């Protein structure tokens, strides 16, 4: 019996040397709507690749990328933050419409007014690390 030597991947996973391998590094912030959309598209692409090429082993290495590290520890009101960041209510409405449109193909409908607080994601990133 011939057993292939295992190989180490970025996160220490062991993979079979005889099997094609694809490791994907994905950077995200938990509060980022574009990251959520991208994650959904990544999962769909991985599912499709697995259907087309089941011999390829896929692994995702999730990387922390805190986009708003200066957010107060207790968070801050979304409305105040985005009005200041985007320059006014028309710009905020336009951005929300863009995100709704981008989210639809990924099966996402955003409820922007459901949570009035923009959280600091530092604790979540510590869990990912």
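Rule-based calculations on the coordinates, nothing more; no lab input. Keep in mind it's a predicted model, so treat the numbers as computed, not measured. Glycine gets a Cβ as well: all are built from the backbone with ideal geometry, and neighbour counts include every protein chain shown.
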Label point distance in nm, residue 85-residue 108, each placed 7 Å from Cα along Cα→Cβ: 1.3
Stretchable slack from residue 35 to residue 68, in nm (0.36 nm times residue separation minus alpha-carbon distance): 10.5 nm
With Cα atoms, 0 to 90° folded angle of helix 89-103 axis to the chain main axis: 20
Packing-based exposure ordering (other Cβ within 10 Å, fewest first) of 23, 55: 55, 23
Which label in [x] 15.9; [y] 15.4; [z] 17.5 gives the computed Kirkwood radius over Cα pairs in Å: [z]
In degrees, nearest ten, helix 33-52 long axis to first principal axis of the chain (Cα): 20
The range 35-49 and the range 89-129: distance between their alpha carbon centers, rounded to Å: 17
Antiparallel %, DSSP beta bridges [both residues in the range 17-128], to 5: 20
Efficiency of FRET from Cβ geometry, residue 53 and residue 94, R₀ 41 Å, rounded to 0.05: 0.55
Residue with peak Gaussian network fluctuation, the chain [Cα springs, cutoff 10 Å], from 44, 102, 84: 84
